[in-house]
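Rule-based calculations on the coordinates, nothing more; no lab input. On a predicted model such as this, the values are computed, not experimentally measured, just so you know. Glycine gets a Cβ as well: all are built from the backbone with ideal geometry, and neighbour counts include every protein chain shown.
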Amino acid sequence: MLAEVAREVDSAVRRPPTRPAVRTKFQVVALLVREERARLMADAGLSASKRTEQLKRLDGVATQLAKTAARDTTLLELLAEDARLSDAARAFKATVMRAGGLEPPEEEPTPAPPTAPAISTAPQVVPRSVISRQLANPFLAPDYEAAAERIATRARRLAGWELLEPLFRSFEKAATGAPACMRMPDARPAFASPGRVLMPHQAQVVAATTRGHRTFLLADEPGLGKTAQALLAAQAADAYPLLVVVPNVVKTNWAHEVVLWTPHRRATVVHGDGDKVDGFADVVIVNYELLDRHVGWLGNLGFRGMVVDEAHFIKNKTSQRSQHVLALSERIRARTARPLLMALTGTPLINDIEDFRAIWQFLGWIDDKQPLGALQTALEETGLTPADPGFYSAARDSVINMGIVRRRKADVVADIPARRVADLPVELDGAVGRSIRAAEVALTRRMVERYRSAIEMRSRDGVVDGIDHELVRRVAAGELKDSSSKASGENVFTMVRRIGQAKAGLAADYAAQLARNVGKVVFFAKHVDVMDQAEQTFADRGIRYASIRGDQTPKAREKNIKAFVEDPDVSIVVCSLTAAGVGLNLQVASNLVLAELSWTHAEQTQAIDRIHRIGQDEPVTAWRIIAAQTIDSKIAELIDSKSGLAARALDGAADEDLPSSTDVQLETLVGLLTDALAAEGMG
């Protein structure tokens, strides 16, 4: 019986995508193989020869399953220790056991977790500014509409029906092949900040919020601007204060985006114990890892909206971070009538719909036992039960209309440029970040002292009107010359390299998220140690990657290129900026991560052109990782400012030379020195 089902599963996996029902069969057969092996080993009544024969037959089934899993490695997740066995899987397991002549044991009911997970009992912190806010406004105004909305919709016709499992199965049984997306209103001018323009697909979400929609599972592909949509939806709904829960790698970027899209709103980022938190801010940004310390005061602040970025992080409801997110959502919904709740994820919806159980609960669509509120009402109004043929299609539409929004790049290709560079600022925390900033201060101080000495030698009284920009350039050029000739010591080159090393883990983390969301990703770095660290991160996460380096033989290089281009299980290719910046065709990917900045715009463009070339049928996005509040930001600005000059020179202007790496290095030092002199009021 097991062998027959294993063959069915293997046949189905050969015709991707792997459907949830097929995944369920794979999981059940694998678990039964484990259990049957354990039973045979413990059966003292079996002869040694009989036991060996039976174990050999089980090994045959296990070998078949292993070959199947090699075709779709995501199946291995179903065999993890914490893998959830759905009700459908339990039912199928019982069916297989009975068909094989075994009586399934009676299972003890699994106790349901509480509707509102308890707040963490870990040591809590409350920032001083938060206490100040609470003292300034000790009472939150009661929201009677919220209390009224919490009265559960009483199931009438569907009373007694099990509805959650049919809801999940509806995404398989009634799948249309198109992305699941609610009907969107026409795009209207949104309240963007001056100089910022929303793309039409972004404006649709803001328009839906303006019309009164308040819950969204926003699953657009990366590169389609989910952050801007969420921030402007919050503005349209007046959902302030707004809580934003994000992965650590994008925490700084969210604060940056608040300034860009809603500059009249104040954002604060929670670091460590929150000593620098602005308790009066409109937008509070915290990463998942810090929730255990801050969940107490976050639950009491009176948020009117909540955004969860990379929401697939909460799919495991037993994890602490999922419980914290669900607890905060429950508190917000208990206190606020129709709060804005948004779950952002680029992960395709119909991969394993069970993963979205926690997200639906965060949005208030369901609890552990049944649909809630508007979703329950919508199911009642269909006039159907799970026994009726049309129920699954109607149920799927009901869930989608609750606020599932999924657009792919290919769907909105007219909205977005064919190629763009998106900056992702990251914060360098801890001792490494402090050391890099201290080195930058020391470098700047050294140049300031040289400038002062030159001024004093030039003028007896030492008085000069304003900054001597020619002298600034000479001092910067001297520093650059010294840096180039020094074999050791801190200088602009060692500093930039240390920044690259410090960003490596964050850049790899973001590349891993991209790979999960959109498939293949190209990862570029300048230095070998940055590549090594990134590859270690991918290996630790079980992500298959290829590597293209300068020390490879042509045969090894070709093998790695072929693996990335042709093997669907190889998600990332790690490339040397100098060794792989030219001569490669990697257009199988449309997303690229620049972990380290180049010294020239041309070198950056060459890297992007590895995927933006003939044969590319999707818009290309290059994600440039920039260390905030360091020299990295200034280098990025200079590279961008040189891009226009490079374009004019390449168009044939004879009187203009292409900008060189030395130009950017010199201008970086000039900028540091000029800013320092201006800050000191020197002349």
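With r as the distance between the Cβ atoms of residue 157 and residue 37 and R0 = 41 Å, compute the FRET efficiency 1/(1 + (r/R0)^6) and round to 0.05.
That gives a FRET efficiency of 0.30.
Computed from the mean reciprocal separation of all distinct C-alpha pairs, what Kirkwood hydrodynamic radius does the stretch 381-431 have, in Å?
15.8 Å
For the stretch 196-204, take each phi angle, set θ = phi - 60°, evaluate the Karplus expression 6.51 cos²θ - 1.76 cosθ + 1.60, and give the result in whole Hz per residue in order, putting x for glycine and proline.
10, 10, 7, 6, x, 5, 5, 5, 5
What order, most packed first, do the peptides 46-52, 409-415, 635-641 have when packing is the mean number of other Cβ atoms within 10 Å of each residue?
Put in order of decreasing packing, that is 635-641, 409-415, 46-52.
Straight-line reach from residue 369: which lysines have Cα under 16 Å away, leaving out those fewer than 8 places along the same chain?
317
Only one of the values [x] -0.33, -0.80, -1.24; [y] -0.25, -0.67, -1.31; [z] -0.30, -0.73, -1.26 was calculated from this structure for log10 I(q)/I(0) by the Debye sum over Cα atoms at q = 0.05, 0.08, 0.11 Å⁻¹; name its label.
Correct label, based on the coordinates given: [z].
Report the FRET efficiency, 1/(1 + (r/R0)^6), for residue 552 and residue 3, where r is their Cβ-Cβ distance and R0 is 45 Å, rounded to 0.05.
Plugging the Cβ-Cβ distance into 1/(1 + (r/R0)^6) gives 0.55.
What shape does the stretch 498-579 take by its C-alpha gyration tensor, where a ≥ b ≥ c are the square roots of the eigenvalues and a/c under 1.5 counts as rounded, a/b above b/c as prolate, and the rest as oblate?
Oblate.
How far, in nm, would the chain grow between residue 477 and residue 178 when pulled straight, counting 0.36 nm per residue and subtracting the alpha carbon separation?
The span from residue 477 to residue 178 would gain 101.8 nm if fully extended.
If packing is taken as the average count of other Cβ atoms within 10 Å, what order do 546-558, 246-258, 492-504 fall into, highest mean first?
Going from most to least packed, we get 246-258, 492-504, 546-558.
If I take R0 = 35 Å and measure r between the Cβ atoms of residue 662 and residue 539 in this structure, what FRET efficiency does the formula 1/(1 + (r/R0)^6) give, to the nearest 0.05?
In this case the efficiency is close to 0.40.
Tell me which lysines have Cα within less than 29 Å of residue 56's Cα, excluding those fewer than 8 residues away on the same chain?
Partners within reach: 25, 67, 93.
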